[in-house]
Every structure is written in C-alpha cells, then in structure tokens.
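Peer 1: First the structure, which I've put down as structure tokens, then a few questions once you've had a look.
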Protein chains: 2
Amino acid sequence: MTDLLLDAGGELAGFYAAEPELVAEFSERYPNARLVGSAAEILESADIDLVASAAIPDERASLGIAVMRHGKDYLADKPGFTTLEQLADARAVQRETRRIYSICYSERFQNRATVRAGELVQSGAIGRPLQTVGLGPHRLNAPSRPAWFFERSRYGGILNDIGSHQADQFLFFTGSTSAEVVASQVANFAHPEYPGLEDFGDMVLRGDGGTSYVRVDWFTPDGLGTWGDGRLTILGTEGYIELRKYIDIAGRPGGDHLF
Amino acid sequence: MTDLLLDAGGELAGFYAAEPELVAEFSERYPNARLVGSAAEILESADIDLVASAAIPDERASLGIAVMRHGKDYLADKPGFTTLEQLADARAVQRETRRIYSICYSERFQNRATVRAGELVQSGAIGRPLQTVGLGPHRLNAPSRPAWFFERSRYGGILNDIGSHQADQFLFFTGSTSAEVVASQVANFAHPEYPGLEDFGDMVLRGDGGTSYVRVDWFTPDGLGTWGDGRLTILGTEGYIELRKYIDIAGRPGGDHLF
C-alpha cells in the first residue's frame, strides 16, 4: 500500500507500529520513514491527509472510524472489516464526516493482467459479462504466521479474509453495484492442529450485473513456485478471459498472464 | 459409444434409427453394420447381450427398461435420464431383472488426461481429494441443432444434459458414493429467441468424499479452435491437478492436457 501511495505522488509523513519487529521491517524497507511515538500522533497531525493501515483485521474498522473522525481519509488493507457491525458503524461515520474509507484490493489493483482485463471487459471485448469464477489458493506456511492468524474473530473467516478479494473482483468485472451470497460453506479439512483455521471456503454470489463462484483455500502445495495459483475466469456473451495471476503452470515464466 | 464397445471386443450385431439421416450417417461410419427393421427386432434377438443407445434423452429410460426386461444390459449416452421418476423406474427394473443400466460419460472415459488423473488421484499423488471445479463450456451452434435440443422436457435442462458429466467426475474423483446438490441455478442469459434453452447453469455439490462446483454453459465463442475449453481442477490436501481437456489456450496443441 505504501508503494502504491508513493507511486501515486504521496509523501510518507510518518509511521507507527506497536510491535518492534514490524517497526524494524518497515524501517528497513523505507529508511527515510519517520517513526512517531503513538498512533494518536498520526491522528492528530494537521499535516496528514490520509492514513493507511494493515492492522490486524478486527482492528481496522475502529482505526478507520477514528481516522475519519480526525478529518482524514483512510486506506485499509483487505479485508476492511471482520463483522457487519463494523461495516455499519464505518458507514455511519463516513456519512457523518464525508471522509473516505477505502480498501486496498491488491489482487485487482496490483496485478497488471487484472488491470488489463478490466480495460478489455469495459471495452466490450467479451460482450456482456455474465459470470466470474475466482480460485484463490494460498500457501499456509503455518509456522511463520502470528497467533491472530488462527483466531477466527481476528481474521474474520477465510471468506472474509482472502475471499474479499474475489468478492471485489466479481463486483468490478460484472459491473454489479449490489449482490447477495446465495450459498457459502467453510471447512477445516486437514488442519486439526489449528482449530481456529478455516482452510477451505467457497461461495456463490449473485449481483445485479452477473453471478460468480469463489473458492479460496490454504492448500498451495510446497512444490509450487509461488504462494498461490490464483485464477480468474470472466465469462461473457461473446468470449471469455482467463487470468493466471501469479504463475502459469507448465507455461510462460513470471506472473500477470492474460488469456 | 460404438467405438468404445468395438475397442473393448464387442461385435456390432445390428442397428436401428427411425430417422433416415441418422441411418445414413451411421452406415457411412460403420459400412458393415446391419440395419434392422425395428427397435423390437434388436430387443427380441437372442444373440444380443447389450444394447447401446443415444436416443433423445427423454426416451432413454423407457428404452433401457425395455432392454433390461428383454434380458439384456444397456448403455445409454449421457444423460441417462431426464426425470427422477425415470431414474426410480429404471432402478426398480434393475433390481427386478439384475441387468445393468449404465451411462457413457465420455468426458471421463474418452479423455486420456482424465483417465490419467484418475490413476494419479487413486495413487495418492495429491493426498486426499477435497474438491473439484468443473467448467464445461460448449458451443451452441444453434442452426445445426434438432428441434428437441430447445425443449427442456426432452433434454432435461442444462444441468442434467451437460452437467451430468461434471456430476459424474465429481463423484469419481472425490470417491463419493452419495451426494446432494447444495445450491443450483440455471438461466437463459442471452438467447431470447430460444425460450426453451438454458444457456447457463451451475451448482454446488457435496458428497461423502468431498465437494464440488460445476459450471456449464453454451457460450464457447466462435473464435475458439474447439467446441469447448473444458476444465477440471482437482484439489487435494497435498497438491492439485488441472485438466485442459480439449484445448490448451495459448499453449500446447491438441487436447488431453494434464497439469
């Protein structure tokens, strides 16, 4: 998110993290970034227009609400919320303050193939979009994960956590402005040692512009050369597009593949 | 089906079709095949052990029941039935006569990649299979279709007609012996001139060995080099397999691709 904002002409005014290891990591990546003494210092600074945060998911909404109440805009990493109550609260404060609560969906904004697919669909290349199928496998890499990663109340469930990327793309590619979850299921199929983990989830979505199927999971095998073979297929009346976002198995090297 | 049976050592005793154009087509392909005077002649022949039929879908069950009642086994093209009543009747006659009512699912039996995937999954190559995603787009080619193709009561709906292939593969690859349809939907999105056509259908399946998502449609674009970019992804605890059954878009030539 920091890179996106810097590329867009933003200026990094300062940063804060309660965890020393996160401070060290951020400082190493952005050596000129100024560490401030508290989150409040950022909220209260008159020189700051926008606050970006990748806090633990269940803390994002309360931070965003505080940001808007301090007259600033907010950019949260996905997922933007973990409960519907948080969403309702943020909407109320958004209406009241007229500030922006936005969410960074990297799988749409930071993948060149996905950006290009958006242009193609908008230009009518596949006719009227009817449906998307999004497959989002991820590597679990359990030992490297913090404790909150395995607490459902903190990450909000697999469909909220990594499925929110897919919901976002479905809305965007079908031009839907409202949608419902027709059916969904989650499971912990193979990780009884982590009872709070959902290692599989899927859902059928139906919007005013089309339908979608989404599957997300934590089953990327160790042998794959990347963290996940993310796929998106967009079906239209006149054609279809397939994205192999991060790897083209047994195909061309690198990511960003559009077919 | 005829080729499969001949390859398996069968002998073509005779054939029948009410439609002259179908007779001509079959005779051209099997010049030595003997046309008989009626379907009854086949049913009543003491020399015939098995009857194979690709009758219009809603006629398959009654023929199969007659075949079993004449002491013969039956092989129907897919779909094997168009109503649950037909299925119940055929099951009852099967139990009574002890004959076989089988269905030829070409997408599993006649695709080398799919056969090989079955061997790999059985051998444990991807661990325990958890889920399949089957995408079965087909080219509509409406002008070439007979009238019954557009009559729902005759083809049984898109999920029955072409989705039955996918249901079969889900059962096979997850080792499921029973399953339910958790959610399904069908639509005619873009062919108002054929009100009886369902051009899109999808369903979520859950069995005792795993789950599945199935999407079938009649939206293969004219520019694609084959009738459909059929895909099957099998997700397991230790890996996954993707089949590009009939074409590998922007990849290797031909069909039968296993990744």
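Peer 1: Any residue at all in the range A:134-147 that's buried (at least 16 other Cβ atoms within 10 Å of the Cβ), more than 24 Å from A:Y240 (Cβ to Cβ) and within 14 Å of chain B (Cβ to nearest Cβ)?
Peer 2: yes
Peer 1: Is there any pair linking a residue in the range B:230-241 that is over 17 Å from A:W227 (Cβ atoms) and more than 10 Å from chain A (Cβ to nearest Cβ) to one that is crowded, with 21+ Cβ neighbours inside 10 Å and charged (D, E, K, R), with Cβ under 6 Å and at least six apart or on different chains, and which?
Peer 2: B:G230/B:K245
Peer 1: Are any residues in the range A:116-141 within 20 Å of the chain's Cα centre (by Cα) and closer than 27 Å to B:I234 by Cα, and if so, which ones?
Peer 2: Within the range A:116-141, A:A117, A:T132, A:V133, A:G134, A:L135, A:G136, A:P137, A:H138, A:R139, A:L140, A:N141 meet the criteria.
Peer 1: Inside the range B:242-258, can you point out the residues that are assigned to a loop (DSSP other than H, G, I, E, B), open to solvent by less than 40 Å² (accessible area, probe 1.4 Å) and either touching a strand residue (DSSP E or B) at 6+ places or on another chain (Cβ under 6 Å) or within 7 Å of another protein chain (Cβ to nearest Cβ) (or both)?
Peer 2: B:D248, B:I249
Peer 1: If you don't mind, another one. Are there any pairs with C-beta distances below 6 angstrom linking a residue in the range A:75-96 that is farther than 20 Å from A:E107 by Cβ to a residue that is among the aromatic types (F, W, Y) and part of a strand (DSSP E or B), with the two at least 6 apart or on different chains, and if so which?
Peer 2: Filtered contacts from the range A:75-96: A:A90/A:Y101; A:Q94/A:Y101.
Peer 1: I've got another one for you. Which ones in the range A:115-149 are out of contact with any strand residue (DSSP E or B) (no Cβ under 6 Å at 6 or more places or on another chain) and part of a helix (DSSP H, G or I)?
Peer 2: Of everything in the range A:115-149, those that are out of contact with any strand residue (DSSP E or B) (no Cβ under 6 Å at 6 or more places or on another chain) and part of a helix (DSSP H, G or I) turn out to be A:V115, A:G118, A:E119, A:L120, A:Q122, A:A142, A:P143, A:S144, A:A147, A:W148, A:F149.
Peer 1: Among B:S164, B:S102, B:S176, B:S184, which is in a strand (DSSP E or B), within 26 Å of A:D202 (Cβ to Cβ) and among the hydroxyl-bearing types (S, T, Y)?
Peer 2: B:S184 is the lone residue from the list that is in a strand (DSSP E or B), within 26 Å of A:D202 (Cβ to Cβ) and among the hydroxyl-bearing types (S, T, Y).
Peer 1: Of these, A:V181, A:V216, A:V204, which one is crowded, with 20+ Cβ neighbours inside 10 Å and more than 9 Å from chain B (Cβ to nearest Cβ)?
Peer 2: The match here is A:V216.
Peer 1: Residues in the range A:66-79 that are touching a helix residue (DSSP H, G or I) at 6+ places or on another chain (Cβ under 6 Å) and in a loop (DSSP other than H, G, I, E, B): how many?
Peer 2: Of the residues in the range A:66-79, 3 are touching a helix residue (DSSP H, G or I) at 6+ places or on another chain (Cβ under 6 Å) and in a loop (DSSP other than H, G, I, E, B).
Peer 1: Consider B:T82 carefully, then state whether it is at pLDDT 95 or above, among the hydroxyl-bearing types (S, T, Y) and either part of a helix (DSSP H, G or I) or assigned by TED's automatic domain parsing to the domain that holds B:L22 (or both).
Peer 2: Yes; evaluated as a whole, the condition is true for this residue.
Peer 1: For the range B:97-133, how many residues meet the condition of being among the hydroxyl-bearing types (S, T, Y) and free of Cβ contacts under 8 Å to residues at least 24 places away in the same chain?
Peer 2: Counting residues in the range B:97-133 that are among the hydroxyl-bearing types (S, T, Y) and free of Cβ contacts under 8 Å to residues at least 24 places away in the same chain gives 1.
Listed here are the residues, each with its yes/no results for (1) under 25 Å from B:V204 (Cβ atoms); (2) open to solvent by 40 Å² or more (accessible area, probe 1.4 Å).
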{"residue": "B:R95", "(1), (2)": "no, yes"}
{"residue": "B:P129", "(1), (2)": "yes, no"}
{"residue": "B:R154", "(1), (2)": "no, yes"}
{"residue": "B:L171", "(1), (2)": "yes, yes"}
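Peer 1: Which one of these does A:L197 not meet: (1) assigned to a loop (DSSP other than H, G, I, E, B); (2) farther than 29 Å from B:G239 by Cβ; (3) open to solvent by less than 10 Å² (accessible area, probe 1.4 Å)?
Peer 2: In the conditions (1) assigned to a loop (DSSP other than H, G, I, E, B); (2) farther than 29 Å from B:G239 by Cβ; (3) open to solvent by less than 10 Å² (accessible area, probe 1.4 Å), A:L197 misses (2) alone.
The values are calculated or read from the model by the stated rules, or taken from the named source; none is laboratory data. Please read all numbers here as calculations on a predicted model, not as lab measurements. All Cβ positions, even for glycine, are placed from backbone atoms using ideal geometry, and neighbour counts span all protein chains on display. Just so you know, the surface numbers come from the protein's heavy atoms only, side chains and all, with ligands and any DNA or RNA stripped out. Shrake-Rupley method; radii C 1.70, N 1.55, O 1.52, S 1.80 Å.
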